[in-house]
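Colleague: Handing you a structure now.
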Amino acid sequence: MEPGVIPSIETIPQEVVRRLIGVFFDIDDTFTTRGKIPAASFDALWKLKDAGIKLVPITGRPGGWCDHIVRMWPVDGVVGENGAFYFWMDEHEGKLKKRFLDPEDVRKKNRGRLGGIRDEILSAVPGCAVASDQSYRETDLAIDFREDVTPLGWDDIEKICRIFQKHGAQFKVSSIHVNGWFGGHDKLSTTRVFVRERWGMDLDSVRDRFFFCGDSPNDEPMFSYFPHTAGVRNVLLFAGRMKHLPAFIADSEGGEGFAEIAVILARHGQQTLGRREEDQ
């Protein structure tokens, strides 16, 4: 799909939205705007929750952040570090639960390997830095090219990617970081695991009942897999570097764009919830 012809989220068919049971969404520059959570996006998240929609952030952010998110936000779980794990709150026990894709001994070994890659990247790409949230990460290495450093150009970003690739690491580019890790997981693969283990569903059989919102290349696996997706406006910044674009787009960027999308989904979802309650 050409970037200029992505339909507005306003045009999404009501019959599609009425069948939705869940929304997955990215955080940085999708749910947030310039590093902050706008009141509009958090209010829209509650509207989705009140409409009976399942909610799971799918993010590259670290385990330390995900602990807070799953405890404090109106969500059903969180997939973090680009699919290295998912966390959820066990409502029966009132405790945080964690599910890692790799055991601790493998994670420890991989952290050591990433340390060498870190040193090579910092030496080869002046101006980049280890992300400020690295201390709270369980499994990956995040290299900052735009969050707390002067923004780097694409030549430097691609150089970072090539170093990860040279060492056999997986990598993804977000709106602010290049994340690298060892293992076969990504956002989509762990979303599949989450849906199967937490909700007892085969995602392939129900993917048309879910929606995804994102903004950058590390969301491509989700954009390509789910039939119902939307990007906030700033996804167009990466459009020339992405093979898979969202099915719909918001008029606004960041959190305001998320709110725009969520309000439309919640409005129709609330109608569906009302009909379900009337039928009971």
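Nothing in this text is a laboratory measurement; each read-out follows from the coordinates by a stated rule. Computed from a predicted structure; not experimentally measured. Note: ideal-geometry Cβ built from the backbone for every residue, glycine included; neighbour counts use all protein chains shown.
Colleague: With the structure loaded, tell me whether Ala44 is under 21 Å from the mean Cα position of the chain (by Cα) and without any contact (Cβ under 8 Å) to a residue 12 or more places away in the chain or whether it fails that test. Give the steps one after another, and end with the answer.
Modeller: Numbers: under 21 Å from the mean Cα position of the chain (by Cα): yes; without any contact (Cβ under 8 Å) to a residue 12 or more places away in the chain: no.
So Ala44 does not fit the description; no.
Colleague: Which one of these does Trp199 not meet: (1) within 16 Å of the chain's Cα centre (by Cα); (2) farther than 23 Å from Ser41 by Cα; (3) aromatic (Phe, Trp, Tyr)?
Modeller: Of everything listed in (1) within 16 Å of the chain's Cα centre (by Cα); (2) farther than 23 Å from Ser41 by Cα; (3) aromatic (Phe, Trp, Tyr), Trp199 misses just condition (1).
Colleague: Which one is nearest to the chain's Cα centre (by Cα), of the residues in region 1-41 that are among the hydroxyl-bearing types (Ser, Thr, Tyr) and surrounded by 12 or more Cβ atoms within 10 Å (Cβ to Cβ)?
Modeller: So the residue we want is Thr30.
Colleague: Considering only region 122-145, how many residues are surrounded by fewer than 17 Cβ atoms within 10 Å (Cβ to Cβ), more than 27 Å from Asp102 (Cβ to Cβ) and touching a helix residue (DSSP H, G or I) at 6+ places or on another chain (Cβ under 9 Å)?
Modeller: Result for region 122-145: 3.
Colleague: Can you find even one residue in region 107-121 that is of a type in the set (A, V, I, L, M), under 30 Å from Ala44 (Cα atoms) and surrounded by 16 or more Cβ atoms within 10 Å (Cβ to Cβ)?
Modeller: Looking through region 107-121, none of the residues is of a type in the set (A, V, I, L, M), under 30 Å from Ala44 (Cα atoms) and surrounded by 16 or more Cβ atoms within 10 Å (Cβ to Cβ).
Colleague: Could you name every one of the helices (runs of 4 or more DSSP H) located completely within region 1-113 that has at least 2 residues being more than 28 Å from Ser224 (Cα to Cα) and among the β-branched types (Val, Ile, Thr)?
Modeller: Because the criterion is at least 2 residues that are more than 28 Å from Ser224 (Cα to Cα) and among the β-branched types (Val, Ile, Thr), no helices (runs of 4 or more DSSP H) in region 1-113 meet it.
Colleague: Another one. Test of understanding: among Gly52, Gly80, which residue is in contact with a Pro (Cβ under 8 Å, 6 or more places away or on another chain) and over 25 Å from Ile249 (Cβ atoms)?
Modeller: Selected residue: Gly80, the only one of Gly52, Gly80 that is in contact with a Pro (Cβ under 8 Å, 6 or more places away or on another chain) and over 25 Å from Ile249 (Cβ atoms).
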